[in-house]
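The values are calculated or read from the model by the stated rules, or taken from the named source; none is laboratory data. What you see is a predicted model, and the numbers here were worked out from it, not measured in a lab. Heads up, the Cβs are rebuilt from the backbone with ideal geometry, glycines too, and the neighbour counts pull from every protein chain shown. Accessible surface is based on the protein model in full, side chains and every heavy atom, while ligands, DNA and RNA are left aside. Shrake-Rupley method; radii C 1.70, N 1.55, O 1.52, S 1.80 Å.
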Amino acid sequence: GAGLRLRGISHRYGLTEVLQHIDFAMMPGESVALVGPSGCGKSTLMHVIAGLLVPDQGKVENDFLSLGCMFQQPRLLPWRAVLDNIALGLRARGVSFEARRRLAAALAARMELSVNDYDKYPHELSGGMQSRVALARALAVDPDLLLLDEPFSALDVGLRAEMHRLVRGYIEDRHCSMLMITHDMMEAVRLADRIVMMATPGRIVHVQRLDCAWAQR
Ligand code: ADP
Ligand code: ADP
């Protein structure tokens, strides 16, 4: 079926057990926040889902076709301007220059960047603007699963709320699924349908479903 299913995922780094028999599933269109103390294995689990790490044990069934990723640091290429940074993943997919430019500009507009900024370089941008560019770059591959690893933790409360509005608008509009690691409970409540809590070492200890509509949060 579509979506994602992990069965009995276990993994060790050397002698350290970082994931213990994780069972986890996501339906298409679902948004999940992954929370838990530092070092409990959240990033490792996300790497397994992204296909970047093959776990020692267990089975990964991932039917999402296109993954968009965003990390704690924007990780923009310093020598490329805004639109070129947004379009990076499209270049690799063989999209023509004109089409890349058009899609990148549409996404930049959607992220509420100003046309004056499209040809600026990352060092000329504020943290909030860099975050918008990094999100646009993740969206440029038209993801059906968005993987976010503490994406807005460096931003102040106001900018974070702006980013939440942009992410929420996008995932609802495109019926995109989202898995986000966060330490910010407000962020989890705003963006997720379900909060999955992990504990050290590498176990899921609680799942909280959020039933109320976004507008009521
Ligand atoms: P979290 O994202 O919850 O902070 P991580 O998945 O990053 O946790 O890390 C889980 C545990 O695995 C931690 O103890 C961390 O130090 C360890 N770890 C993470 N990556 C590696 C690695 N490449 N090699 C060895 N140990 C690692
Ligand atoms: P239309 O029905 O007008 O052809 P599209 O489905 O192409 O519309 O795009 C509608 C909106 O969705 C665009 O304005 C753009 O912001 C966004 N969008 C289109 N394609 C993508 C994509 N590959 N990745 C992210 N957003 C996209």
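A few points about this structure:
- Placing a label point 7 Å from the Cα of H123 along the Cα-to-Cβ direction, the residues of the range 59-87 whose backbone N falls under 12 Å of that point are 78-80.
- Calculated P(r) tail over 22 Å for the range 37-134, as whole % of Cα pairs: 43
- Estimated 222 nm signal from helices in the chain, with DSSP H stretches of n ≥ 4 weighted -39500 (n - 2.57), rounded to 500: -9500 deg cm²/dmol
- Tilt relative to the chain, helix 157-174 - C-alpha long axis, 0 to 90 degrees, to 10: 80
- Principal-axis analysis of the Cα atoms of the chain puts helix 127-139 at an angle of about 70° to the longest axis.
- Helix axis angle, 97-110 relative to the chain longest principal axis, alpha carbon, degrees: 70
- Carbon + sulfur, % of accessible area of the range 1-146 - ligands and nucleic acids excluded, 1.4 Å: 53
- Solvent-accessible area per residue, Å², over the chain with all protein chains present [probe radius 1.4 Å]: 49
- Qualifying GluC sites (Glu not before Pro) in the range 86-178, where qualification requires a DSSP coil assignment and no more than 12 other C-beta atoms within 10 Å, comprise E112.
- Across the range 14-172, the mean sequence separation of Cα contacts (distance under 8 Å, 6 or more residues apart), normalised by length, yields a relative contact order of 29 percent.
- The simple Förster model, with R0 at 35 Å and r as the Cβ-Cβ distance, assigns Q57 and M185 a FRET efficiency of 0.65.
- With a simple spin-label model that places each label point 7 Å from the Cα along the Cα-to-Cβ direction, the separation between L65 and D156 comes to 4.3 nm.
- Radius of gyration, Dmax [the range 115-211; alpha carbons; angstrom]: 14.8, 48
- Descending semi-axes in whole angstrom, ellipsoid equivalent of the chain, from the Cα gyration tensor: 30, 19, 17
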